[in-house]
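Visitor: Just dropping this structure here.
Readers should treat all values here as calculations from the given coordinates under stated rules, not as data from a laboratory. Computed from a predicted structure; not experimentally measured. Methodologically, a virtual Cβ is constructed for each residue, glycine included, from the backbone with ideal geometry; neighbour enumeration extends over all protein chains shown.
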Amino acid sequence: MRILLFTGKGGVGKTTLAAATGAALAARGRKTLVVSTDPAHSLGDAFGRPLGAEPSEVDVLLSGVQVDSRTLVDATWAGLRGELRSVLAGAGLDDLDAEELTVLPGVDELLALTEVRRLAEDGPWETVVVDCGPTAETLRLLALPEAVSGYLPRVFGRRVTEPVRRLAAHLDGLRGLLTDPAVTTVRLVLTPERVVVAEARRTLSSLALRGIAVDGLIANRLMPAPGIWRGGAATWLRTRRTQQDAVLAGLAAAGIAPVTRVEHRAAEPVGLPALLEIAAELYRGGDPLDGDGRPVTPLLRVRPATGGYTLRVAIPLARDAEVDLARVDDDLAITVDGFRRLIALPEPLRPCRITGAESDADGLVVHLAGNRGRG
């Protein structure tokens, strides 16, 4: 089983590329499901046929579905929320407090992710391609299993009941699915514009911080080269393409490479023939599951050093990235451009204290002294 997640800033064409990838996988003989978790569903528009909340056939070996988060909330969360409210009331909270504490932020997105997992594991699919929401929503979606997992012990302490255990085990399963690069990878879609590229760089850092592998970076809607044409339209195309090439060159100079390029179409690509044309340009005859050869590096690597250890954290950082490090008990709190994660320190490093840190082309290098102090 493979799961490919497509995300990017709103309007960059991620839905079209996700649909094209699904069509290409099915054309190569893989039974494929394309799932939309984007609240503004447009997957059915890309395929040129209506899709609902249950998988429906688009073509031989290809199906599509648009996840309805609100229905999932009504059908799934209500029962568990009632159980949790009873547990909280039994712990001494009054009814109003118990009601407020069971309003879990992000439950819509959490259930959408749960539905993706259910479809992937219970269905006959060899590959599942997910058209995620815009980047900010996707990052929140992918952070939820870990965030909610940390929320549960703070709320319930030792009063953990069977429903809470089931929820915690479920969240651990989701987190394991997302952070297994042999199963789940992300394809990040952008258009060659400076503001979009800046967001893409922050997204790469955030995904790396969460241990989620990116195996493809796609520059979509690249203007065609005007060739020998003359006139106002040709001049506009030439200027625009020059600007886009400069942005992509900046990505390469920053070490964010390779980038697959897909040219802008004059007509909106709708239906399988148009999507397969895009897939032919996107994958150039290769297997869509292969990605672009981007190496998958472990998030943490520990090496002995004089008087202690060095801890390398593999996070791509922009030159102007804002980075903050802090020690929280046996965790290392890392914040990059507003995205924060608590990372459990490897056991040999837990008695150590942080003495310094710097960044290089491969991410962060944290220095720890091997004594019993805390930094």
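Visitor: Taking K and R as +1 and D and E as -1, what net charge do the other residues with C-beta under 14 Å from the C-beta of P258 add up to?
Guide: Values: positive: R187, R261, R284, R294; negative: D215, D290, D292.
Its environment carries a net charge of +1.
Visitor: While we're on this one: Could you list the trypsin sites (Lys or Arg not before Pro) in the range 193-299 that lie in coil according to DSSP, counting only those with at most 15 other Cβ atoms within 10 Å of their Cβ? Don't jump to the answer; show the numbers that get you there.
Guide: Values: sites: R194, R201, R202, R210, R221, R230, R238, R240, R241, R261, R265, R284; in loops: R210, R230, R265, R284.
Those satisfying the criteria are R230, R265, R284.
Visitor: How do S205, S36 rank when sorted from fewest to most other Cβ atoms within 10 Å of their own Cβ?
Guide: S205, S36
Visitor: Moving on to the next point. Taking the Cβ-Cβ separation of A266 and T306 as r and a Förster radius of 41 Å, what is the calculated FRET efficiency to the nearest 0.05?
Guide: After rounding to 0.05, the efficiency reads 0.10.
Visitor: Round to the nearest 0.05 the FRET efficiency obtained for A169 and S42 when R0 = 45 Å and r is the Cβ-Cβ distance.
Guide: That gives a FRET efficiency of 0.85.
Visitor: Grab the other residues whose beta carbon is less than 12 angstrom from that of A234, score K and R as +1, D and E as -1, and report the net.
Guide: Value of the local net charge: +4.
Visitor: Based on the alpha-carbon gyration tensor of the range 197-337 and its eigenvalue square roots a ≥ b ≥ c, which shape applies: rounded if a/c is under 1.5, prolate if not and a/b is larger than b/c, or oblate?
Guide: Prolate.
Visitor: What Kirkwood hydrodynamic radius do you get for the range 300-369 when you take the inverse of the mean 1/r over all pairs of distinct Cα atoms, in Å?
Guide: With all distinct Cα pairs of the range 300-369 included, I get 12.3 Å.
Visitor: Considering only C-alpha atoms, what is the centroid distance from the range 309-339 to the range 1-70, in Å?
Guide: Taking the Cα centre of the range 1-70 as reference, the centre of the range 309-339 is 35 Å away.
Visitor: Okay, next question. Roughly how far apart, in whole Å, are the Cα centres of the range 344-368 and the range 218-296?
Guide: The distance from the Cα centre of the range 344-368 to that of the range 218-296 comes to 39 Å.
Visitor: From the square roots a ≥ b ≥ c of the eigenvalues of the alpha-carbon gyration tensor of the range 186-240, which class results: rounded (a/c under 1.5), prolate (a/b over b/c), or oblate?
Guide: prolate
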